[in-house]
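Where a number appears in this text, it was derived from the coordinates with a stated rule and is not lab data. Just so it is clear, the model here is predicted, and its values are computed rather than measured. Neighbour counts are summed over all protein chains in view; Cβ atoms, including those assigned to glycine, are modelled from backbone coordinates with ideal geometry.
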Amino acid sequence: MKLFTNGSAMSVEDIPVVDFEFFARSIAEAVKSGASIVALFAVPDYGKGAARTAAELTALPTNAATEKRARLFAFLGLPTKGMIGGIAADIGSAFPSLTPKIPQAHMFEREIFENTGIVPVGHPWLKPVRKIFDYDFYSLEGGQTHEVAVGPVHAGVIEPGHFRFQCYGEEVEHLEIALGYQHRGIEKALAGGPDIRTIHFMETSAGDTTIGHATAYAMLIEALTSTQPDARAEAVRGIALELERMANHIGDLGALAGDVGYLPTKSFCGRLRGEVLNLTAEICGNRFGRGIVQPGGVGFDIDEKMATSIAARLQKIVKDTDEAVGLLWDSPSVLARFERTGMLKKETALELGLVGPAARACGIERDVRSDYPSGIYKYAAIPVATYPSGDVYARAMVRMLEYQRSASAILDVLAALPAGNTGKPASRALPARSVALSLVEGWRGKICHCAITDNRGAFLYYKIVDPSFHNWPGLAYALRGQQISDFPLCNKSFNLSYCGFDL
Amino acid sequence: MIKALRSRLHQGYKTNAFPAENPRLPERYPGAPRLETERCTVCGACKAICPTSAISVQSGEPAGAEPRLALDLGRCIFCRKCETACPEGAIAFTGSFRMGARAKAGLVLGSVPHVSSTRTSRLDVSNDAHKAVSTGAGNQALNSEETRLIEALDRKMLKIFGRAMKIRQVSAGGCNACEADVNVLETIGFDLSRFGISITASPRHADAIIVTGPVSKNMELALRKTYEAMPSPKLVIAVGACAISGGIYRGLPDVCGGADAVIPIDLYIPGCPPHPMTILNALLELLDRVPRKN
Ligand code: SF4
Ligand code: SF4
């Protein structure tokens, strides 16, 4: 396995290509010792593709039976080492599925099958990922059982997705989540780039995670072009990323209160979330941070005056939010609904490869900001917030701790903004036949971007792994044995992205 | 309970005073762009850099006219790259949140208005859009000179929807930022329901749908079915560049390139995403609820 740090680029030949058995064994061993899969994908026609020189292409075997159709890349996060490991294997039209031994591979393998037609043989759950019209649901048979179908159009202002509940009375035995309604084809559109649209595709992969995805992209381009953004630019990015986390966590706490009918916190937090978004808009004019992160630096500076005003407004927001959220913990009816609802065991969360607050609420101490620090997180250590109980209460608690810690991190950075400038745009000319990978702790968890360039230095393959890709199965598990009426509350406690998953 | 009451007191009254007064928006908020046609040399620097092909050069209309620049607010994602690229300073962002039109053509700045027509709405809207943006409403209080941007519904429709309108939102392939800024209208800061407008859970109860997103191929059927499930008369409102034209996703094979490819649209609200004030203002103008003093 090739080991490298977060936000590194290397020649694609540096990723060792091994035989499949060794590949599978290496991943299994790494996962056993605490590693997690950050990306697993197949680049089709790799041998024929532009990643090879013309001379090598003519020397390829022509026998269809032995022809390797794709190269399978696996990237693993090794948190104890603070490193990422990369390994690859060439495969034909099928390969033995990793999922039976490594459950967290399951969504990745389904995606490989859907995108390339290459079959992970022995996969226990080989269903579509984004092809909604082909979906075939499991169903439960028996006199007392019934099925409830919800979506794609939901009751609130929410993204589309389809949920199919198999119930025994009021109790959910099994929930299946069929996504893909938001599929726009972003990854496909990225191939051949980067071009003038690329950064906007990143910013809209998941609009509520504009800064997270744009930062992952910028880090990757900077790695490929050996550009080091100025400390000041990194400070602005860090502030924007933490503001994004705060806004969403505060909004979620309000929405959780709303879902159990506790209106004071709901309405206070609804407004306070907006106040945080307005701070982001002070920086760049857009409430979601469009245009802040640019490969090479940032598009907007925070001057002295703005820093002071943002700090003052932020302190007021935190004070008001602490008060609003504090009401939740004082209200027995809220606690009764939060506690022991949507429980997820730590072992299940680990097996499924959950990330972000959902994982930390199961007591898993994983956070990209401290495991694979980059940017401001190399200097400003933000304590990882965990809570052991794995229920809605824990997911709310982790969010509260996180917005508070984000706020103090922002205030620290604002108080000592490094001198320097906001950087200049990184070149779009990328080195040929290279690979780069970046990880960012978005507000929902680990965001992974990975790019492989072709002979001309254009993207041959661009992989985006939104945290929701890991976490949707977690929600399905949390619902098992729950009352179906608890679904909205459980769903909100995860608050996963449809568009980030669907891309 | 006492605590909840005490914090209710602390948190205070936070609903903004619109439409009596315009709220203060951030200094860097771009708002509607303005084309200074006299300054423009049609060099094409802006056109080359625009990620959504929102800028085009119109020529030969009316016959023999000089080529001139046109900027389609329906495609624009407000990235301001054209403003930076223009060597002549011919594109400026005015900070005005008032944007929107009843017809798609009304979103194109700088297009030459046709002269001969008996039907007024479409053309007037196009004309007005240009004028209104040129006056640069800014963040000051509304003034009597300001041109109405969006033509209100006709009297019959106003009678039906003017005092109460229920909206069903359908999210169809966007990035969820438009949804977020529609959602925020229900918070106490904007308090949509004080205007009699509210979001409803079922299309059967809805007077209007707000569509966001370019309409992914996977949502096409669901959007059409939602529309069909609504009782008539009904309105459709496209919120955001995606829903108007496909936005940044225009031309991708997995999307329809805008909601009007699937259902007819009555109101277009530009932005990526539109500021909540833009959405609120457009809804109120449609319902003739923005006071016009003169
Ligand atoms: S601001 Fe609008 S018109 Fe200008 S470059 Fe960006 S998308 Fe194009
Ligand atoms: S218009 Fe912009 S903000 Fe709205 S859904 Fe599309 S990409 Fe997102």
Requested in this report: List, in order, the whole-Hz ³J(HN,Hα) value for each residue of the range B:15-27 obtained from phi through the Karplus relation with A = 6.51, B = -1.76, C = 1.60 and θ = phi - 60°; use x for Gly and Pro.
Outcome: 6, 6, 8, 4, x, 5, 9, 7, x, 7, 9, x, 4
Query raised in the report: Using θ = phi - 60° and the Karplus form 6.51 cos²θ - 1.76 cosθ + 1.60, what ³J(HN,Hα) does each residue of the range B:216-227 get, whole Hz, x for Gly and Pro?
Result: 5, 4, 6, 10, 4, 5, 5, 5, 4, 5, 4, 4
Report summary line: Going from the fewest other Cβ atoms within 10 Å to the most, one would list A:V121, B:V170 as A:V121, B:V170
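Report, for chain B, the % of DSSP beta bridges that are antiparallel, rounded to 5.
Around 40 percent of the beta bridges assigned by DSSP in chain B are antiparallel ones.
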Query raised in the report: Hey, rough spin-label estimate for A:R428 and A:Q315, points 7 angstrom out along Cα→Cβ, what's it come to in nanometres?
Result: 4.5 nm
Query raised in the report: Taking the alpha-carbon set of chain B, what are its Rg and Dmax in Å?
Result: 19.5, 75
Requested in this report: Can you pull the one-decimal nm distance between simple spin-label points at A:E339 and A:A155, each 7 Å off the Cα toward Cβ?
Outcome: 2.7 nm
Query raised in the report: Of A:W472, A:W125, A:W443, how do they rank once you tally other Cβ atoms within 10 Å and put the fewest first?
Result: A:W125, A:W472, A:W443
Requested in this report: Would you kindly calculate the translational diffusion coefficient of the range B:130-286, applying Stokes-Einstein with the Kirkwood radius from alpha carbon pairs, for 10 °C and a viscosity of 1.306 mPa s, and quote it in µm² s⁻¹ without decimals?
Outcome: 99 µm²/s
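What number in nm² do you get for the range A:186-494 if you take the convex hull of its Cα atoms and divide its surface by four?
Value for the range A:186-494: 15.1 nm².
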Query raised in the report: Which entries in the list A:K131/A:K345; A:K81/A:K446; A:K188/A:K463; A:K266/B:K234; B:K47/B:K217 go over 21 Å, if you measure between the two C-alpha atoms of each?
Result: A:K131/A:K345; A:K266/B:K234; B:K47/B:K217
Query raised in the report: Does anything in the range A:8-25 have its amide N under 11 Å from the 7 Å Cα→Cβ label point of A:K32, and if so which residues?
Result: A:25
Query raised in the report: Separation of the range B:226-260 and the range A:301-326 by C-alpha centroid, Å?
Result: 37 Å
Query raised in the report: Any idea what the relative contact order of the range B:182-231 is, in percent, if you count C-alpha pairs under 8 Å spaced at least 6 apart?
Result: 35 percent
Query raised in the report: Which three extents, in whole angstrom, do the alpha-carbon atoms of the range A:200-261 cover along their principal axes, largest first?
Result: 52, 24, 13
Query - Span per principal axis, largest first, for the Cα atoms of the protein assembly as shown (Å) - result: 80, 69, 59
Query raised in the report: For the pair A:L126 and A:S11, how long in nm is the line joining their label points, each one 7 Å along Cα→Cβ?
Result: 3.7 nm
Report task. Take each complete run of DSSP H in chain A, measure how far its Cα atoms stretch along the helix's own axis, and keep only those covering 27 Å or more with mean Kyte-Doolittle hydropathy at least -0.5; list them. Result -> A:231-259, A:263-284, A:304-329, A:392-415
Report task. List the residues whose amide H sits under 5 Å from the amide H of A:A39, counting only those 5 or more places along or on another chain, with H placed 1.01 Å from N in the peptide plane. Result -> A:F75
Report summary line: Here the range B:32-49 yields Karplus 3J(HN,Hα) values (6.51, -1.76, 1.60; θ = phi - 60°; whole Hz; Gly and Pro given as x) of 5, x, 10, 9, 8, 4, 5, 7, 5, 9, 6, 7, x, 4, 5, 4, 5, 9
Query - A:D303, A:D14 arranged by Cβ crowding within 10 Å, fewest neighbours leading - result: A:D303, A:D14
Report task. Could you tell me which Cys residues in chain B have no other cysteine's Cβ under 4.7 Å from their own Cβ, answering none if every one has a partner? Result -> B:C40, B:C43, B:C50, B:C76, B:C79, B:C86, B:C175, B:C178, B:C242, B:C256, B:C272
Report task. Please report, in debye to the nearest 20, how large the charge dipole of the range A:292-448 is about its Cα centre when each Lys and Arg carries +1 at its beta carbon and each Asp and Glu carries -1 there. Result -> 460 debye
Requested in this report: With only Lys, Arg, Asp and Glu charged, each at its Cβ (+1 for the first two, -1 for the last two), find how big the charge dipole of the protein assembly as shown is about the Cα centre; round to the nearest 20 debye.
Outcome: 1100 debye
Report summary line: For B:K156, the aspartates and glutamates lying under 17 Å Cα to Cα, once residues fewer than eight places off in the same chain are dropped, come out as B:D207, B:D266, B:E285, B:D288
Query raised in the report: Fully extended, how many nm does the chain gain between B:E21 and B:M1 (0.36 nm per residue separation, minus their Cα-Cα distance)?
Result: 3.7 nm
Report summary line: Amide H contacts under 5 Å for A:K446, restricted to residues at least 5 apart in sequence or on another chain and with H modeled in the peptide plane, are A:G356
**Report entry** Placed amide H near B:I210: partners under 5 Å, 5+ positions off or other chain
**Finding:** B:R168, B:Q169, B:V170, B:I237
Report summary line: Under the helix-only model (-39500 (n - 2.57) for each DSSP H run of 4 or more, divided by the residues of chain B), the mean residue ellipticity at 222 nm, to 500 deg cm²/dmol, is -7000 deg cm²/dmol
Query raised in the report: So what's the back-of-envelope 222 nm ellipticity for chain A, counting only DSSP H runs of four-plus at -39500 (n - 2.57) apiece and dividing by all residues, rounded to 500?
Result: -12500 deg cm²/dmol
Report summary line: Expressed in Å to one decimal, the Kirkwood Rh of the range A:84-221 from all distinct alpha-carbon pairs is 18.1 Å
Query raised in the report: If you count, for every residue in B:196-204, the Cβ atoms of partner chains within 10 Å of its Cβ, what is the mean?
Result: 1
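So if the hydrodynamic radius of the range A:256-362 is defined as the Kirkwood radius over C-alpha pairs, what does Stokes-Einstein give as its diffusion coefficient at 25 °C and 0.890 mPa s, in µm² per second?
Rounded to a whole number, D works out at 146 µm²/s.
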